[in-house]
Amino acid sequence: MSEGILTYQQIAKMIDISAVQAYHGERDIRELVGYAREFGFGAVHVLPAWIPFARALLQDTQGISLGSPVGFPSGGNHVAVKRAEAMQMVSDGVTELDMMINVGKLRSGDYSYVLEELRGVISSVDVPAKVIIETHYLNDDEIRQACELCVEAGAQFVKTSTGWAPTGATLMNIALIADCVKDRIGIKAAGGIRDLDMLVKMYHYGVRRFGINLQSAVEIVKAVQRLPDGVVGLAP
């Protein structure tokens, strides 16, 4: 990326758009893939049963990853189920996955369980794994502990939230995560990111992937396109 600026293409490439609500069907996924192609979004995420359909829609498209969530949205599935789900996702064609951490086990202080679960899922597949820690339900110490477990387990990213909790990514928890991981692992911000200003602020903290709802994602990219030369400055 050019020093001091981000183009709209670079911003779009960092954005994951998704159709992971229970009611999303063929029309929604076709729309999702269409927007991903039009604006150059980095990834589309669908629920597990829709992976083959989305893969078929993307078969002639380069540069767009296909992802799906493991243990979504509660994280409370048995580890064997999560492992089987992850392996099936890869078999069906995903190129990355977002795994929901077991929040209850984490909050109960059962860190060995959480670590072994993360390792068990991550080691069972050969695609990048982003671990969702659902920050809304965690205090600062629990967020730090979750980050350390993600790093130790070999995840590629720690992700703030599913988007289903009352709150998602905030500047406070992004700053806390960034201070904890110190570039040892990537950061994905998700939940409540609605405008370009917030995206740029989180980028300054080291966020390089963003989970953003389709409407907001399109508006953010269009906002950059309207700027002079289609770029946004990164001055603090």
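Since every read-out is calculated from the coordinates, none of them should be taken as a lab result. This one's a predicted model, so the numbers in the text were calculated from it and none came from an experiment. All Cβ positions, even for glycine, are placed from backbone atoms using ideal geometry, and neighbour counts span all protein chains on display.
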Unique match (being farther than 17 Å from LEU118 by Cα and either touching a Pro at 6+ places or on another chain (Cβ under 9 Å) or polar (S, T, N, Q) (or both)) among THR170, THR160: THR170
Those residues of segment 103-146 which are of a type in the set (D, E, K, R), more than 14 Å from ALA80 (Cα to Cα) and surrounded by fewer than 16 Cβ atoms within 10 Å (Cβ to Cβ), in sequence order: ARG107, ASP110, ASP126, ASP140, ASP141
Count of segment 62-110 residues which are within 19 Å of LEU32 (Cα to Cα), acidic (Asp, Glu) and either under 18 Å from the mean Cα position of the chain (by Cα) or in a loop (DSSP other than H, G, I, E, B) (or both): 2
Subset of segment 9-20 [over 16 Å from SER216 (Cβ atoms) and either in contact (Cβ under 8 Å) with a residue 12 or more places away in the chain or not in a helix (DSSP H, G or I) (or both)]: GLN9, LYS13
Hits in segment 169-203 - residues which are within 14 Å of the chain's Cα centre (by Cα) and under 20 Å from ASP141 (Cβ atoms): ALA169, ILE174, ILE185, ILE187
Only listed residue being surrounded by fewer than 16 Cβ atoms within 10 Å (Cβ to Cβ) and under 22 Å from ALA153 (Cβ atoms), chosen from ARG208, ARG194: ARG208
Count of segment 1-29 residues which are farther than 25 Å from VAL232 by Cα and surrounded by 14 or more Cβ atoms within 10 Å (Cβ to Cβ): 5
Residues satisfying the stated conditions in segment 21-42, i.e. without any contact (Cβ under 8 Å) to a residue 60 or more places away in the chain and either polar (S, T, N, Q) or closer than 21 Å to TRP164 by Cα (or both): GLN21, ALA22, TYR23, HIS24, GLY25, ASP28, ILE29
Residues located in segment 173-183, provided they are in contact (Cβ under 8 Å) with a residue 12 or more places away in the chain and either farther than 20 Å from LEU118 by Cβ or small (Gly, Ala, Ser) (or both): ILE174, ALA175, ALA178
Out of ALA189, ALA155, ALA146, ALA165, sole residue that is in a loop (DSSP other than H, G, I, E, B), among the hydrophobic types (A, V, I, L, M, F, W, C) and in contact with a strand residue (DSSP E or B) (Cβ under 9 Å, 6 or more places away or on another chain): ALA155
Residue count for segment 130-143, restricted to those that are touching a residue at least 12 places away in the same chain (Cβ under 8 Å) and assigned to a helix (DSSP H, G or I): 6
